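These notes are about the structure you will find just below.
Quick note: the coordinates plus some simple rules give every number you see, no bench work behind them. Bear in mind the structure is a predicted one, so any value in this text is a computation, not a measurement. All Cβ positions, even for glycine, are placed from backbone atoms using ideal geometry, and neighbour counts span all protein chains on display.
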Amino acid sequence: MKETFNLQTSEQIVAALQRRGPQAKALQEYAREIKLQSVGNQVYLRGLIEYSNCCSKSCYYCGIRGGNPQVHRYTVSTEETLEAARFAYENGFGSIVLQAGERNDKAYTQQIEKLLLDIDKISKGELGITLSLGEQNRSTLLRWKQAGAKRYLLRIEASDPTLYAKLHPADHSYQKRLECIDLLKDLNYQVGTGVMIGLPFQTYENLAQDLLFFQKRDIDMIGMGPYIEHAQTPLYAYKDQLLSIEERYILSLNMLAVLRILMPDINIASTTAMGSLKKEGREEAIRIAANVIMPNLTPFSYREDYFLYQDKICINESNADSKINIEALVQRAGCKIAYHAHGDSHHFFNRQKR
Ligand code: SAH
């Protein structure tokens, strides 16, 4: 008889995450069935534009942290950003993501607002736009929403406040990040969050609680992938305590599988970190749980400066190659790219009906 999975308590989730070998496979295959029943075999594209690596924060895990003096800082020009957006539009990508380090000044708010309006214009309002620009206040988020942004990604990074505090300097507030996620919901964004998997100090219990956090907060989209070390960051000092690559990989797949079982109608991204940890990582994520992938459209000359962690992939890939590679990858996963589609989160509409 086929195994079913009861994943209500933290203990049950921990046991699922600890599965290995054929037991892990059974969990992942079950997640795949749930995925096919709920969101089908379609995969949506989000062209990723890594707009700037300038950052006022100094997260201990991140290669582009403000406190890393070795980073060559850049902001993509308006013309180049619009060119990338045009590529997405002309190639039938339904959406793009603008991601950057965090800046909160007025000039920046206006710059992004103007970009959003311009992107809307060149794509005749057809491109879905997601922002991933860190913590912002209500008036900024409202302005960007009114200028055309529909979705926002703000990972909680670690939902346990004690673990969060170990990953960030003292002036980074867990409470503020939570409030920002609530604000996004309040402003009617489709809300995305996520965590890193395999962080130093992180326990299985932490990861189980992360998944329950997503469920409790009624999140629409999740981007989560393995933590990967970077030599120019404070967390690098703990590199010898990390799980092996193989262990981090299996754990990440189990996390994705349990997430899909717990939240069948959300959008789940197959992250670049998954593909950076393991060659077949993005493909496997799509096979078992994910229905979104983000081809990198950052103008070539900036890519190596958006170096969040070591061994990051897609740095030397042209937009055209990226498209071909992603098509092949999705096909190998037994799924199909839905071109010219926004691919909004079903969960967003379902929770609005509730
Ligand atoms: N400034 C934005 C975007 C951050 S970069 C924000 O604060 O939301 C996007 C994501 O990359 C982060 O949320 C983090 O989860 C991930 N990331 C950063 N450093 C990483 C690392 N060393 N390994 C894996 N993922 C990392």
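Among Gly40, Gly148, Gly223, whose mean-square fluctuation peaks in a Gaussian network model of the chain (Cα, cutoff 10 Å)?
Its mean-square fluctuation being the largest, the pick is Gly40.
Tell me the relative contact order for the range 274-329 as a rounded percent, counting alpha carbon contacts under 8 Å between residues six or more apart.
For the range 274-329, the relative contact order is 39 percent.
Quick one: dipole size for the chain, taken about the Cα centre, charges +1 on Lys/Arg Cβ and -1 on Asp/Glu Cβ, in debye to the nearest 20.
So the magnitude is around 600 debye.
Suppose every Lys and Arg Cβ carries +1 and every Asp and Glu Cβ carries -1, with no other charges. What dipole size does the range 179-248 come out with about its Cα centre, to the nearest 20 debye?
That gives the range 179-248 a dipole magnitude of about 40 debye.
For the range 112-263, what does the alpha-carbon gyration tensor say about shape, rounded, prolate or oblate, given a ≥ b ≥ c as the root eigenvalues, a/c under 1.5 as rounded, and a/b over b/c as prolate?
It is prolate, given that a/c is not under 1.5 and a/b is the larger ratio.
Normalised by the number of residues in the chain, what is the relative contact order in percent for Cα pairs under 8 Å and 6+ residues apart?
26 percent
According to the square roots a ≥ b ≥ c of the eigenvalues of the Cα gyration tensor, what is the shape class of the range 149-210, taking rounded for a/c under 1.5, prolate for a/b larger than b/c otherwise, and oblate for the remainder?
Note, shape of the range 149-210 comes out prolate.
Compute, for the range 6-71, the length of the dipole vector about the Cα centre, with Cβ point charges of +1 (Lys, Arg) and -1 (Asp, Glu) only. Units Debye, rounded to 20.
100 debye
What value, in deg cm²/dmol to 500, does the helix sum -39500 (n - 2.57) over DSSP H runs of n ≥ 4 give at 222 nm once divided by the residues of the chain?
Computed ellipticity for the chain at 222 nm equals -13000 deg cm²/dmol.
Could you list log10 I(q)/I(0) for the range 1-49 at q = 0.17, 0.29 Å⁻¹, which the Debye formula gives when each Cα is one point scatterer?
Reported log10 I(q)/I(0), two decimals: -0.65, -1.11.
On the Cα set of the range 286-354, report Rg and Dmax in Å, please.
Considering the range 286-354 through its Cα atoms, Rg and Dmax are 15.2, 46 Å.
Step through the table entries Lys25/Lys279; Lys145/Lys323; Lys57/Lys176; Lys35/Lys216, compare each Cα-Cα distance with 23 Å, and write down the pairs that go over it.
Where the Cα-Cα span goes over 23 Å, the pairs concerned are Lys145/Lys323.
I need the semi-axes of the equivalent ellipsoid of the range 59-184: take the C-alpha gyration tensor, multiply each eigenvalue by 5, square-root it, list largest first in whole angstrom.
After diagonalising the Cα gyration tensor, the semi-axes are 28, 17, 13 Å.
Using the Cα centre of the chain as origin and beta-carbon charges of +1 (Lys, Arg) and -1 (Asp, Glu), tell me which of Val195, Leu178, Ala85 is placed farthest towards the positive end of the dipole.
It is Leu178, whose Cα lies furthest towards the positive end.
If pairing requires two Cys Cβ atoms under 4.7 Å apart, which cysteines of the chain are left without a partner?
That list is Cys54, Cys55, Cys180, Cys314, Cys335.
Kirkwood hydrodynamic radius for the range 196-268: how many Å is it when counted over pairs of different Cα atoms?
13.1 Å
Figure the gain on full extension for Ser173 and Ser139 (residue separation times 0.36 nm, minus the Cα-Cα span) and round it to one decimal in nm.
Between Ser173 and Ser139, full extension yields an extra 10.3 nm.
Which shape class, rounded, prolate or oblate, goes with the range 239-338 when its Cα gyration tensor gives a ≥ b ≥ c as root eigenvalues, a/c under 1.5 marks rounded, and past that a/b bigger than b/c marks prolate?
oblate
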